[in-house]
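Peer 1: Sharing a structure with you now.
Each value in this text was obtained by applying a stated rule to the coordinates, not by laboratory testing. None of the values given here were measured: they were computed from a predicted structure. Counting neighbours? That spans all protein chains shown, and the Cβs are built from the backbone with ideal geometry, glycine included.
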Amino acid sequence: MTKTLQCISPIDGSVFAEREALGVNDARARIARSRKAQAVWAARPLQERIDLVMAGVAAIGALNDQIVPELARQMGRPVRYGGEFGGFNERASHMAAIAEDALADIVVSSDGDLKRYIKRVPHGVVFVVAPWNYPYMTAINSVAPALIAGNAVILKHASQTLLVGERLAAAFHGAGVPEDVFQNVFLDHETTGALIAEGAFDFINFTGSVNGGKAMERAAAGTFTGLGLELGGKDPGYVMDDADLDAAVDALIDGAMFNSGQCCCGIERIYVAESLFDAFVEKAVAIVKGYKLGNPLDPETTLGPMANVRFAKEVRSQIADAVGAGAKAHIATFGSDDGGAYLTPQILTDVTHDMRVMREESFGPVVGIMKVKDDDEAIALMNDSDFGLTASLWTKDTDRAASIANRIETGTVFMNRCDYLDPALCWTGCKDTGRGGGLSEIGYHNLTRPKSYYLKKAQ
């Protein structure tokens, strides 16, 4: 029986889009077409692949005025922020610029009679499972370098952003990327698991929840299929006693609240030096009280609904549990809070690490702020987490930041910045945040395999 996938708009709970999921046999046929097309694609010159991919990227940019309200309807981000094309283009452009060097042969020796070198060769068919929170930027992290490296790509997008994969595939096909080389598919969880379990793909990049990552690993067990997993986060910020207070407050609160807190590397915990704590909280509360929660299609709205009612329910539960255990909530309920997807942003103090809101991923517009006496206490609290994606340090002292960074269990450390992905750096995590790495030269290493050549002339 065919399953229908639905995107329920968080704006009003209506069905915004629906598509029929592929059955397993139809999916196998699609993958077989990709595998056949991949060899031809990989044989094309590298610069040709780069040019076609970047033409696809430009085609998405030309659609931005249509995409922005479409995204608002699918997952609730306010139109005033203009969509994702800036980051989308930045990431693809960087990966295109470094491709020749990143994919170059590693020459070990070449003395006339003996040549030894290592090539980076494509895996074959790469399966990209992309999330809804930044559906274009997260997808392009894998799609662009995978295609440039000579792989075929099968893209499965989250049902919450059902139309994004279609947009990407149509744009890239229109730019000249062969249809079988880059395919968008609609799959339910059962069919996805079955395909992975039978080794249908040569590499899998998944961005999503910890439970989703565990399901991927279980399905792939015994197939030897490579996995790249970017999972949950509980990213901390640490404001030191010499920090620029205004800059720290502005950036960290934006990092906690932007996109209704639904950011992979969003700030979910803030630790502040005792001397700055009261002033930090006062300024943070003032910022959040100024937000306008409402319909994301309204240009005046600064905070839209969460993508799904069940996500908002979990955040409300974490807040209620924390307040019940002694935390102080600083933001009164907004008039536009409907008890459903439209959720009042919240700042909590008097929190502890015994509370779920400081330990479990919230992925919503709430942040706990704690006072710390020194660097050692801050480091211990930052590391007291099952997750490790990014950490943000606020200080004027670069040496101090570097020293602290060496002691933090995380994938990326920022100084005087947060909630950003630099495509020149490896996007990676540790602990329950996952495994592997995207973007940068290392991203190409993960999307290819090494192949060694030992070429000796006959004697």
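Peer 1: Against the 2.2 N^0.38 Å scaling, with N counting residues, where does the chain land? I'd like the Cα-based Rg ratio to two decimal places.
Peer 2: Cα Rg divided by the expected 2.2 N^0.38 Å: 1.02.
Peer 1: May I ask you to list the lysines whose Cα is less than 27 Å away from that of LYS234, ignoring any residue fewer than eight positions away on the same chain?
Peer 2: LYS156, LYS214, LYS283, LYS289, LYS292, LYS313, LYS328, LYS371, LYS373, LYS396, LYS431
Peer 1: Quick check: residue separation of ASP321 and GLU48 times 0.36 nm, minus the Cα distance between them. What number comes out in nm?
Peer 2: Between ASP321 and GLU48, full extension yields an extra 92.7 nm.
Peer 1: Also, I was wondering about something else. Just need the relative contact order of the chain here, percent rounded to a whole number, with Cα pairs under 8 Å and 6+ apart.
Peer 2: For the chain, the relative contact order is 19 percent.
Peer 1: Quick check: the distance between the Cα centres of segment 95-119 and segment 51-69, to the nearest angstrom?
Peer 2: Spelled out, the Cα-based centre of one part sits 33 Å from the other.
Peer 1: Evaluate the charge dipole of the chain about its Cα centre and quote only its size in Debye, nearest 20, assuming +1 on the Cβ of each Lys and Arg and -1 on the Cβ of each Asp and Glu.
Peer 2: 1820
Peer 1: Which whole-number percentage describes the relative contact order of segment 76-172, with Cα contacts under 8 Å and a sequence gap of 6 or more?
Peer 2: Reported relative contact order: 27 percent.
Peer 1: Taking the Cα-to-Cβ direction at SER14 and at ASP337 and moving 7 Å from each Cα, how far apart do the two end points lie in nm?
Peer 2: Going from the SER14 label point to the ASP337 one covers 2.7 nm.
Peer 1: What does DSSP give for the chain in terms of the percent of beta bridges that are antiparallel, rounded to the nearest 5?
Peer 2: Around 40 percent antiparallel, to the nearest 5.
Peer 1: Rank the residues LYS431, LYS234, LYS373, LYS119 as a footprinting-exposure proxy: fewest other Cβ atoms within 10 Å of their Cβ go first.
Peer 2: Final ranking by Cβ density, sparse to dense: LYS373, LYS119, LYS431, LYS234.
Peer 1: Looking at segment 235-423, what % of its DSSP beta bridges pair antiparallel, to the nearest 5?
Peer 2: Bridges in segment 235-423 are about 10 percent antiparallel.
Peer 1: If you rank VAL143, VAL210 by fewest surrounding Cβ atoms within 10 Å, what's the result?
Peer 2: Listed from fewest to most nearby Cβ atoms, that is VAL210, VAL143.
Peer 1: With just the Cα atoms defining each centre, how far is segment 279-331 from segment 127-185? Give it in Å.
Peer 2: One Cα centre to the other: 32 Å.
Peer 1: List the lysines whose Cα sits under 17 Å from the Cα of LYS115, skipping any in the same chain fewer than 8 residues away.
Peer 2: The reachable lysines, counting only those whose Cα sits under 17 Å from LYS115, are LYS451, LYS456, LYS457.
Peer 1: Could you calculate the FRET efficiency of ASP384 with ALA170 from 1/(1 + (r/R0)^6), where r is the beta carbon distance between them and R0 is 51 Å, rounded to 0.05?
Peer 2: So, using R0 = 51 Å, E works out to roughly 0.65.
Peer 1: Where in segment 191-207 does the amide nitrogen come within less than 19 Å of the point 7 Å from the Cα of ARG35, taken along Cα to Cβ?
Peer 2: Answer for this model: 191-205.
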